[in-house]
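Here the structure is laid out as structure tokens; the discussion comes afterwards.
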Amino acid sequence: MTTQSVRIPDDLARRLSAVAETARRSKSSVILEALERFLDEREDLEIALARFRDPGAEWVDHDEVKRELGLD
């Protein structure tokens, strides 16, 4: 495991401490979970943007999806 040093604003540090205390977890574990979630979301966004920009991508109409799912 690698160690990283990060400077964070005082207000964010207070929020981190409060969340860690409430959850009975270490600040490191809270940061690790938050970072992992952020990176997962960012990677998903990159995949979605690549698909959106693909000129050969096929699109399905919103109303058609609703009909197929029985939501109309």
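Every read-out reported here was derived from the displayed coordinates using simple, explicitly stated rules and does not represent laboratory data. Remember, predicted model here, so these are calculated numbers, not experimental data. In this analysis, Cβ positions are derived from the backbone assuming ideal geometry, glycine residues included, and neighbour counts consider all displayed protein chains.
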Original post:
Which residues, taken from region 46-72, are assigned to a loop (DSSP other than H, G, I, E, B) and of a type in the set (D, E, K, R)?
Top reply: ASP54, GLU58, ASP61, ASP72
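In region 23-45, is there at least one residue being over 21 Å from the mean Cα position of the chain (by Cα), loosely packed, with under 11 Cβ neighbours inside 10 Å and in a helix (DSSP H, G or I)?
The first filter runs over region 23-45 and keeps only residues over 21 Å from the mean Cα position of the chain (by Cα), leaving 24.
From the residues that got through so far, the ones that are loosely packed, with under 11 Cβ neighbours inside 10 Å too are 24.
Next, only the ones that are in a helix (DSSP H, G or I) stay: none.
Looking through region 23-45, none of the residues is over 21 Å from the mean Cα position of the chain (by Cα), loosely packed, with under 11 Cβ neighbours inside 10 Å and in a helix (DSSP H, G or I).
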**OP:** Output the residues belonging to region 1-18 that are assigned to a helix (DSSP H, G or I) and over 18 Å from the mean Cα position of the chain (by Cα).
**Re:** ASP10, ASP11, LEU12, ALA13, ARG14, ARG15, SER17, ALA18
